[in-house]
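Take a look at the structure below.
The values are calculated or read from the model by the stated rules, or taken from the named source; none is laboratory data. This structure is a prediction, so every number in the text was calculated from the model and none was measured. With ideal geometry, Cβ positions are generated from the backbone for all residues, glycine too; neighbour counts draw on all protein chains shown. Please note that ligands, DNA and RNA were not included when accessible areas were found on the heavy atoms of the full protein model with its side chains. Shrake-Rupley method; radii C 1.70, N 1.55, O 1.52, S 1.80 Å.
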Amino acid sequence: MINLGKIMAVTLCVGLFGFINGFAQQPGVQHASSPAFSEIDQDQNGLISSAEMGDYQQRRFNELDKDKSGHLDSEELISDKAKLHQVADKDNDNKVTRQESDAQFKEYFQQMDKNKDSQISEAEYTDYWKLIYRF
């Protein structure tokens with residue numbers, strides 16, 4: 001006869017161990033699982049450096065700048081689904097220059113880098129976007 005109490009106890013212990021084990025990983029070791037995070041983290045070391053953020057910004061700007069004018073106009077900004085560049089128009093001329101874009105991404109980097117170690121962990125990245133989008 002199967003003892004349901006023992007099965008439930010074993011299941012509970014295995015589940016609890018798995019839950020605790022998730023918190024017992026080495027401190028500072030992050031595993032990038034977000035596709036967006038992985039896209040920015042070019043060397044796949046689990047951290048985003050300032051240089052990687054700058055490279056990502058350049059790629060995104062170049063992707064959006066369809067007419068290669070060196071600035072993003074209102075139509076190009078509308079195509080920015082993540083709306084990362086829309087807030088960069090500091091002079092409100094309905095265009096985002098490369099300088100405005102660079103400055104905005106530096107600001108994003110500084111806001112994400114909570115511990116000020118000049119690297120963004122996946123936790124910092126995720127926490128930032130949770131705050132922005134209020135998950």
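State whether region 48-135 is rounded, prolate or oblate according to the following rule on the C-alpha gyration tensor (a ≥ b ≥ c being the square roots of its eigenvalues): a/c under 1.5 gives rounded; otherwise a/b larger than b/c gives prolate, and the remaining case gives oblate.
Working: a/c = 2.14, a/b = 1.72, b/c = 1.24.
It is prolate, given that a/c is not under 1.5 and a/b is the larger ratio.
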Exercise. Rounded to the nearest 20 Debye, what is the dipole magnitude of region 34-81 about its Cα centre when Lys and Arg each give +1 and Asp and Glu each give -1 at the C-beta?
Worked result: 20 debye
Exercise. Using a probe of 1.4 angstrom, how much of the accessible area of region 79-127 is carbon and sulfur, in percent?
Worked result: 49 percent
Problem set entry | Projected label distance in nm at residue 69 and residue 81, using a 7 Å step from Cα toward the beta-carbon | 2.4 nm
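Do any of 66/116; 81/116; 81/114 go past 30 Å between their Cα atoms, and which?
Values: 66/116 35 Å; 81/116 28 Å; 81/114 25 Å.
With Cα atoms farther than 30 Å apart: 66/116.
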